[in-house]
Amino acid sequence: MPTPFRSACAGLALAATVAMPALADGLKDEIAPTGRLRVAIAISPAGGAFWSTKTEAGYAGVPVDLGKEMAAQLGVPVDYVVHQNSGQITDAAGKGAWDVTWLPKDPERETRMMFGPIYEVADATYIVKAGSSITSFAMLDQPGIKVAAVNATTTMRGAVAHLKNAKVTGYQTYDEIFGLLKGGEIDAFALSRDQLNKMAQKIPGTKVLDETFKKTVTAVAVPLGHSQALAFVTRFMNEAVTNGTLRKAYDNNGLKDAPIRTE
């Protein structure tokens, strides 16, 4: 092989070797600018595909497990940035407080962050207090009926749009609403059916209504303008569905019987 040609090939190989780490470094600068992957999570005792829980060892939940695996793939440590609800995570999206999250998606949030693949679809409905005679949406949607929702969430926005006569009030935490429902201070609570079914087991006499007023979809998200990060988290989630990572996260967090719903 002529020497000039050999030199050219060597130069191309060296350029490729240099370019690949540079691309990886560019991604890390965007998705983990502090050198750590900051995962935004919301805490509630209910758990589930979106909510995480506080444990003696730290935090547990589907987003916790996914964040840990994502950080491992990136080769950086993981930090969990704790919020009380998805509305607080949304409010922090433009403040540089977190790098990636998993939360319910809706048109309003799409103006404030970029979403990747959906990994959960949940039915939103209401649980009514013990002793209530309400058995349907029509009976619930009456003047004087007090309905609670977690503040600034997709479920709250859905409940406000759905109920024309009942009053919907937002509260910051799941725990606060749990206490109000248990004490009979509110008539109903709007949330996903799986979460409300768990709540009904803890508050005897409550009832989860059979109807559904909204389909809530949950997806991975990154702050606006983070196109490299979006491409990475999209690939990560698609692979997590096919290689069993997402199934393992579900199983590890009390969701062995819950199907993975991407649409």
Scanning region 92-116 for residues that are touching a residue at least 60 places away in the same chain (Cβ under 8 Å) and basic (Lys, Arg), the one most open to solvent (accessible area, probe 1.4 Å) turns out to be ARG112
Pick from SER52, SER44: which is at pLDDT below 95, buried (at least 22 other Cβ atoms within 10 Å of the Cβ), of a type in the set (Ser, Thr, Tyr) and in contact with a Phe, Trp or Tyr (Cβ under 6 Å, 6 or more places away or on another chain)?
SER44
Out of all the residues in region 153-175, which are open to solvent by 30 Å² or more (accessible area, probe 1.4 Å) and in contact with a Pro (Cβ under 8 Å, 6 or more places away or on another chain)?
ASN165, ASP175
Taking region 57-91 and keeping only residues that are hydroxyl-bearing (Ser, Thr, Tyr) and in contact (Cβ under 8 Å) with a residue 24 or more places away in the chain, one is left with TYR80, SER86, THR90
List, please: which pairs have Cβ atoms under 7 Å, are six or more places apart or on different chains, and start with a residue in region 217-242 that is small (Gly, Ala, Ser) and end with one that is outside any helix (DSSP H, G or I) and open to solvent by 50 Å² or more (accessible area, probe 1.4 Å)?
ALA219/LYS105
Looking across region 55-83 at residues that are outside any strand (DSSP E or B) and modelled with pLDDT under 95, the single one that is nearest to SER227 (Cα to Cα) is ALA57
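The values are calculated or read from the model by the stated rules, or taken from the named source; none is laboratory data. Remember, predicted model here, so these are calculated numbers, not experimental data. As a convention, Cβ positions derive from the backbone with ideal geometry for all residues, glycine included, and neighbour counts pool all protein chains shown. With ligands, DNA and RNA removed, areas are computed over all heavy atoms of the protein, side chains included. Shrake-Rupley method; radii C 1.70, N 1.55, O 1.52, S 1.80 Å.
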